[in-house]
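The values are calculated or read from the model by the stated rules, or taken from the named source; none is laboratory data. Predicted, not measured: the structure shown is a model, and the values here were computed from it. Note: ideal-geometry Cβ built from the backbone for every residue, glycine included; neighbour counts use all protein chains shown. Accessible surface is based on the protein model in full, side chains and every heavy atom, while ligands, DNA and RNA are left aside. Shrake-Rupley method; radii C 1.70, N 1.55, O 1.52, S 1.80 Å.
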Amino acid sequence: VAQITRKVEEVRHEYATLIEKLRARQQLRMAAVDRRLQAHQEAFTHWRSLFSNPLEAGSNVLACQAWWERNCLYLEPSVRQAFLVAYSNAQMRDEFVRIRAESKLITEAWGKVMAFPDILFNAVQLPPMTEIEIKALQYESSEGAAGSTG
């Protein structure tokens, strides 16, 4: 009876230890989910800054780079890469405009910047931007560009 009691207690202890490990892992996972969603939201906000004010493209790119260095581990791998590509191409587009490069180069760079939200939304399983949202963003972008030249 003593041996059986010891075995039962050993199994109970192992089971309790396993349950505690699983709880701790689940708590960490839940905390990471919140932080990851927050990081993805912040990435979207930084992406918006890339075209909101064309006169500040350089400082916005630097802000994106600094943010990416502090937060890239919280981003899904596809988003991590797409954000890097987006802010790098925003810088290239700015440089292409400055040196009056071929419009094809400017358009391609801008296309890579504009590809970011669909990759982000897909990774966090949010619906893609609607045509109305895209047009509103393009309108904001053209208004900012018009204001910078006038």
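In degrees from 0 to 90, rounded to the nearest 10, what is the angle of the helix 103-114 Cα long axis to the longest principal axis of the chain? With rounding to tens, the tilt is 30 degrees.
In terms of overall dimensions, region 38-92 has a Cα radius of gyration and Dmax of 10.2, 30 angstrom.
Full extension of the chain segment joining A63 with E95 gains 9.8 nm, where the gain is 0.36 nm per residue of separation less the Cα-Cα distance. With R₀ set to 22 Å, the beta-carbon distance separating K104 from Q138 gives a calculated FRET efficiency near 0.70.
Taking the average, over residues, of other Cβ atoms within 10 Å as the packing measure, peptides 77-88, 15-26 rank 77-88, 15-26 from highest down.
What FRET efficiency do you get for L22 and L73 if R0 is 30 Å and r is their Cβ-Cβ distance, rounded to the nearest 0.05? Can you show the working numbers first?
Details: r = 24 Å, r/R0 = 0.78.
Between L22 and L73 the formula returns 0.80.
Between D118 and E56, residue separation times 0.36 nm minus the direct Cα-Cα distance comes to 19.9 nm. The fraction of accessible area contributed by carbon and sulfur in the chain is 58 percent, rounded to a whole number (1.4 Å probe; ligands and nucleic acids excluded).
May I ask for the percentage of alpha-carbon pairs in the chain that lie more than 20 Å from each other? Walk me through the intermediate numbers first.
Details: 6562 of 11175 pairs.
Counting every Cα pair in the chain, those more than 20 Å apart make up 59 percent.
How high is the FRET efficiency from V33 to S88, r the C-beta distance, R0 25 Å, rounded to 0.05?
On the way: r = 28 Å, r/R0 = 1.13.
Once rounded, the FRET efficiency stands at 0.35.
Can you work out the accessible area per residue across the chain, with the rest of the protein chains kept in place, probe 1.4 Å, in square angstrom?
70 Å²
Pairwise inverse Cα distances across region 4-73, averaged and inverted, put the Kirkwood hydrodynamic radius at 15.6 Å. What is the chain's relative contact order, in percent, from Cα pairs under 8 angstrom and six or more apart in sequence? Once normalised by length, the contact order is 23 percent.
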